[in-house]
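Bear in mind these aren't lab numbers, they're just calculated from the coordinates by the rules spelled out. No experiment lies behind these values; they were computed from the predicted model shown. No Cβ is skipped: glycine too gets one built from the backbone with ideal geometry, and neighbour counts run over all protein chains shown.
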Amino acid sequence: MGSRNLVKLHLGCGKKRLDGWLNIDCRKFPSVNIVSDLKNLKKFENKSADIIYASHLLEHFSHKETNKILKEWNRVIKKNGKLYLAVPDFNKLILKFMILRNPKVIIAPLFGAQDYKENFHYTTFNFKSLKKQLKEAGFTKIKKTKFKFLPKNFEDNSKIWCSLNIVAEKI
């Protein structure tokens, strides 16, 4: 996939702007191009985006909504388009807790920083559980990855110790 004329959506961008992307968040910041509900991308037509990137966003929604949200994101992605998804990895969190026996180390990645209304976590994932839900939502070729498309100086939660970074392709 070449980079010319690609429609790239950066969902849940917050204050982290990606140049060349539509930066979308539920809150208004200078970095945001579109303020929108991130569960429902009704502003976008079917098969209108080549790539969706969502870093540490999906866990901010109820576990009861995960499949519906993933299906909605799938609706917007073009055939052979990609979803790059980062979430806290529950396996890494549990392992860290078991080693250190200190819940403070995992509180924020497990429950959210809770420093504003939307910054609470309502669900958790490991690779197996997220892969299953992505398949149910119509994605394929699901694998762990490093996000090499991100600029080297771009810092977001996909680079933290507990991040599970996945790429999935739309069928």
Hey, could you check region 20-36 for residues that are more than 18 Å from Leu83 (Cα to Cα) and not hydrophobic (A, V, I, L, M, F, W, C) and say which is surrounded by the fewest Cβ atoms within 10 Å (Cβ to Cβ)? Pro30
From the list Lys71, Lys96, Lys78, Lys64, which one is among the basic types (Lys, Arg), in a strand (DSSP E or B) and at negative phi? Lys78
Of the residues that make up region 152-171, is at least one touching a residue at least 60 places away in the same chain (Cβ under 8 Å), β-branched (Val, Ile, Thr) and assigned to a strand (DSSP E or B)? yes
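Looking only at region 137-151, which residues are in contact with a helix residue (DSSP H, G or I) (Cβ under 6 Å, 6 or more places away or on another chain) and not in a loop (DSSP other than H, G, I, E, B)?
Selection gives Ile142 alone.
Okay, residues lined up against (1) within 16 Å of His60 (Cβ to Cβ); (2) surrounded by fewer than 15 Cβ atoms within 10 Å (Cβ to Cβ); (3) of a type in the set (Ser, Thr, Tyr):
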residue: Asn80; (1), (2), (3): no, yes, no
residue: Lys92; (1), (2), (3): no, no, no
residue: Gly112; (1), (2), (3): yes, no, no
residue: Asp115; (1), (2), (3): yes, yes, no
residue: Thr140; (1), (2), (3): no, yes, yes
residue: Ile166; (1), (2), (3): no, no, no
